[in-house]
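Before any comments, here is the structure.
The values are calculated or read from the model by the stated rules, or taken from the named source; none is laboratory data. The shown structure was predicted, so the numbers you read here are calculated from the model rather than taken from an experiment. Glycine also receives a Cβ, built like all others from the backbone with ideal geometry; neighbour counts cover every protein chain displayed. Surface accessibility is based on the protein's heavy atoms, side chains included, excluding ligands, DNA and RNA. Shrake-Rupley method; radii C 1.70, N 1.55, O 1.52, S 1.80 Å.
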Amino acid sequence: MKPILVVGASVGGSTAANTLATANIPVVVLERDLSWVKPCGGALPPVAFDEFDIPQSLISRKVKMAQIHSPSERTARFAVTGLETREDDYVAMARREDLDPFLRQRAVDNGAELIEGKLIDLKFETDGVIATYTDKQTTQKRSLHAEAVIGADGAYSTTARLLGQPRLPYCVAIQERIRLSPDMMDRWGDTAHLYLGKDVSPDLYAWVFPKADHVAVGCGAGPGKTKEMRQLLANLKERIGADLADGEVFLEEAHALPIHPRRKMAFERAMLIGDAAGLVAGTSGEGIYWAMKSGQQASQTLIDVLPDVSEKALSRYQKQWWKEYGMMYRFLRWLQRWGYGNQRQMEVFTDMCLNKDVQQLTFESYMYKRMAPVPWLSQLRMTGDIIVSQVRHYMPGGLRN
Ligand SMILES: Cc1cc2nc3c(=O)[nH]c(=O)nc-3n(C[C@H](O)[C@H](O)[C@H](O)COP(=O)(O)OP(=O)(O)OC[C@H]3O[C@@H](n4cnc5c(N)ncnc54)[C@H](O)[C@@H]3O)c2cc1C
């Protein structure tokens, strides 16, 4: 059998390649630049470490607290805890320069072939796919013949474009990594800070995520805001200035954040996963877990249906994905528009985060990817709190804009 070609050896592509290689399916991974570090906050749920067998040594810091800062600097501070009391609930802070090479190397160790080259063309023929790429070392054009392709090449996916798919609107995110002295790091401790307000993000949020010896300070914003990003980040740094004193910026990074999922992710001899399929969750901007999960599910579909690589056979992946996660994506898109829609709603969102039921349900679904049924008493308490907050912030004298 010809190999499966995976385009992109980041979190999604390496997970897809590893799943195939472990099942003894020949797989070639094409990565345009092995030294590139994906711009990313690196926040990961604990379930990812179990599900994808990632060693805990790749965690740079475990975050145990979250703090939301409203536009008027009211705060909601709460522990990272799910519905049950567990000893070790946390949000993992990883560094992509550690995580990506680990996942890539594991796929290679399990039998995947890794080529450093940039995909430039795909030709779909009756007996396979001919992929043309530019080899990074020699700068020569080369081609390879594959049985099918998994496009894991991120937000600007060449695979999606060559499949005739439109470029989707995407959010943008900008981030600086700032090294701090141990004393200053202590100020950030084990807390992830999220900042709301049109000065730092008109329709998403800004963040400070602590790692072992530095903080990742960033802002996200909706489509069409690329030009404003530097100013938003400057505003955020001004807002938290004192706590970054003497910090040394050692990396500035920015990238698209695709939160408009593609309806069509399966084709004749091809599938799209992760950012290439727009699978970043709204509200949180979480994409690492979803890239790995979609990589695993797309590969598992291939393992189940090979040698049948028809669109009908590969559509199993797409159907299963939207059956399992469609409601979650729709809810998080709605929550993003509702909670970050304007400054008053951001205040309401902050109030909502003070509600214990909201905190526990949010972290249960984030950390363990389980949509727990919400008891009626909790529903009542959450609805009551939201109505009170909504009235408070929309009454004359409440926060405007
Ligand atoms: C600033 C920022 C902060 C973020 N913070 C978080 C966070 O804290 N937690 C979280 O869960 N998510 C976060 N995300 C989202 C997360 O980074 C992505 O969702 C995730 O990396 C998607 O993984 P992927 O494998 O689909 O694609 P990517 O990680 O984008 O990787 C695509 C790969 O394909 C390669 N490639 C591209 N084109 C070609 C080509 N033509 N030929 C060969 N190779 C190619 C690229 O070099 C790259 O290695 C953040 C995103 C940004 C921009």
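When the convex hull of the C-alpha atoms of the chain is computed, what volume per residue in Å³ does it have? Please list the in-between numbers first.
Numbers: hull volume 56.8 nm³, N = 401.
Normalising the Cα hull of the chain by residue number yields 142 Å³.
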### Message
Please give me, ordered by residue number, the trypsin sites (Lys or Arg not before Pro) of segment 243-294 that lie in loop per DSSP and have at most 10 other Cβ atoms within 10 Å.
### Response
ARG263
### Task
Considering only DSSP beta bridges where both residues belong to the chain, give the percentage that are antiparallel (nearest 5).
75 percent
#### Entry: Fully extended contour minus Cα-Cα distance, from GLU253 to LEU58, at 0.36 nm per residue
68.1 nm
### Message
Checking the table LYS64/LYS264; LYS38/LYS62; LYS64/LYS227; LYS198/LYS293 against a 29 Å threshold on Cα-Cα, which pairs fail?
### Response
LYS64/LYS264; LYS64/LYS227; LYS198/LYS293
### Rounded to 10°, Cα long-axis angle of helix 11-22 versus longest principal axis of the chain
40 degrees
### Query
Can you list the HN-Hα couplings for segment 199-216, worked out from phi with the Karplus curve (6.51, -1.76, 1.60; θ = phi - 60°), rounded to whole Hz and with x for Gly and Pro?
5, 10, 6, x, 8, 9, 8, 10, 8, 10, 10, x, 10, 4, 10, 8, 10, 9
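Share of the chain's accessible area from carbon and sulfur, percent, 1.4 Å? Write out the running numbers ahead of the final one.
Numbers: 9450 of 17690 Å².
Here it works out to 53 percent.
Got a sec? What order do ARG104, ARG330, ARG61, ARG381 fall in by accessible area at 1.4 Å, biggest, i.e. largest, first?
Working: ARG104 25, ARG330 160, ARG61 55, ARG381 115 Å².
The ranking, largest first, comes out as ARG330, ARG381, ARG61, ARG104.
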### With Cα atoms, 0 to 90° folded angle of helix 356-368 axis to the chain main axis
20 degrees
### Query
ASP203: accessible area at probe 1.4 Å, nearest 10 Å²?
40 Å²
### Message
Can you give me the angle between helix 311-340 and the longest principal axis of the chain, using Cα atoms only, in degrees from 0 to 90, rounded to the nearest 10?
### Response
20 degrees
### Projected label distance in nm at ASP190 and THR134, using a 7 Å step from Cα toward the beta-carbon
4.7 nm
### Message
Given N residues in segment 67-152, what is its alpha carbon radius of gyration divided by 2.2 N^0.38 Å?
### Response
1.88
### Protection-proxy order for peptides 366-377, 157-168, each taking the mean of Cβ atoms within 10 Å per residue, highest first
157-168, 366-377
### Query
Measuring with a 1.4 Å probe in the full set of protein chains, what accessible area per residue, in whole Å², belongs to the chain?
44 Å²
### Query
Dividing the alpha-carbon Rg of segment 171-257 by 2.2 N^0.38 Å yields what?
1.03
### In Hz, Karplus ³J(HN,Hα) per residue of segment 36-53 (6.51, -1.76, 1.60; θ = phi - 60°; x = Gly, Pro)
6, 9, 5, x, 6, x, x, 7, 9, x, x, 4, 5, 5, 6, 5, 10, 6
### Query
Can you give the three extents of the C-alpha atoms in segment 33-96 along their principal axes, from longest to shortest, in whole Å?
43, 31, 15
### Task
Would you compute, for the Cα atoms of segment 87-220, the largest minus smallest coordinate along each principal axis and list the three values in descending order, in whole Å?
59, 37, 35
### Query
What figure in square angstrom, to the nearest 10, would you give for the accessible area of VAL391 with a 1.4 Å probe?
80 Å²
### Task
Project the alpha carbons of segment 335-394 onto their principal axes and report the range along each, largest first, in whole Å.
33, 22, 15
### Query
Can you list the HN-Hα couplings for segment 259-269, worked out from phi with the Karplus curve (6.51, -1.76, 1.60; θ = phi - 60°), rounded to whole Hz and with x for Gly and Pro?
10, 10, x, 7, 5, 9, 10, 10, 9, 4, 6
### Query
Roughly speaking, what is the centre-to-centre gap between segment 124-145 and segment 326-401 when only Cα atoms are used, to the nearest Å?
49 Å
## Note on the structure
Compactness check, segment 259-376: C-alpha Rg relative to the 2.2 N^0.38 Å globular estimate gives 1.24
